[in-house]
Amino acid sequence: MRKKYRSEIAEAVHQTIEGLHGIGVIDTKTMRHFDKTCLTKVEPLSAVEIITVRRKAGVSQSVFASYLNVTPGEVSKWERGEKKPQGPSLKLLTLVKEKGLQTIA
């Protein structure tokens, strides 16, 4: 699985540090720090933000659910504020919010 970075620059820096870690120049603690800073940040999304992300993508709840590998009912609950997306679903939502639906297509 390919990592999703904040930017091309972050990806280049991370890959360089990863290479240095592979040959033993960078320790594991430093590598963890770079993982944390270079990869896409995941923050909670409100119901309104989730609706906005889906509408900006121009898809129905059913289609959006298919992209996120969840049920349409789950998307509906997120959009009504009854449940909060977590784990992989939240990561995918964050990627779609920042980079568009094509990122996870």
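Read the figures in this text as sums done on the coordinates, not as results from a lab. Predicted, not measured: the structure shown is a model, and the values here were computed from it. Heads up, the Cβs are rebuilt from the backbone with ideal geometry, glycines too, and the neighbour counts pull from every protein chain shown.
Normalised by residue number, the volume inside the convex hull of the Cα atoms of segment 47-103 is 65 Å³ per residue.
Ranked by the mean number of other Cβ atoms within 10 Å of their residues, highest first, the peptides 24-32, 44-52 fall in the order 44-52, 24-32. 3J(HN,Hα) along segment 28-33: 4, 4, 5, 4, 4, 4 Hz, from the Karplus curve 6.51 cos²θ - 1.76 cosθ + 1.60 with θ = phi - 60°, whole Hz, x for Gly and Pro. In this structure the amide hydrogen of LYS83, modeled in the peptide plane, comes within under 5 Å of the amide hydrogens of TRP78, none closer than 5 places in sequence on its chain.
When the helices in the chain are scored as -39500 (n - 2.57) per DSSP H run of 4 or longer and the sum is shared across all residues, what 222 nm value do you end up with, to the nearest 500 deg cm²/dmol? Before the final figure, lay out each step's value.
Numbers: 6 runs with 67 residues, N = 105.
Helix-only estimate at 222 nm: -19500 deg cm²/dmol.
What order, most packed first, do the peptides 82-93, 7-18 have when packing is the mean number of other Cβ atoms within 10 Å of each residue?
Working: 82-93: 15.6, 7-18: 13.7.
Packing order, densest peptide first, comes out as 82-93, 7-18.
Quick one: putting +1 on the C-beta of Lys and Arg, -1 on the C-beta of Asp and Glu, what dipole do you get for the chain around its Cα centre, in Debye to the nearest 20? Mind dumping the intermediate values first?
On the way: 18 positive and 11 negative charges, 48 e Å.
Dipole about the Cα centre, nearest 20: 240 debye.
So what is Rg over Rh here for the chain, counting just Cα atoms and using Kirkwood for Rh? Display every interim value, and only then the final one.
Details: Rg = 16.3 Å, Rh = 15.1 Å.
Ratio of gyration radius to Kirkwood radius for the chain: 1.08.
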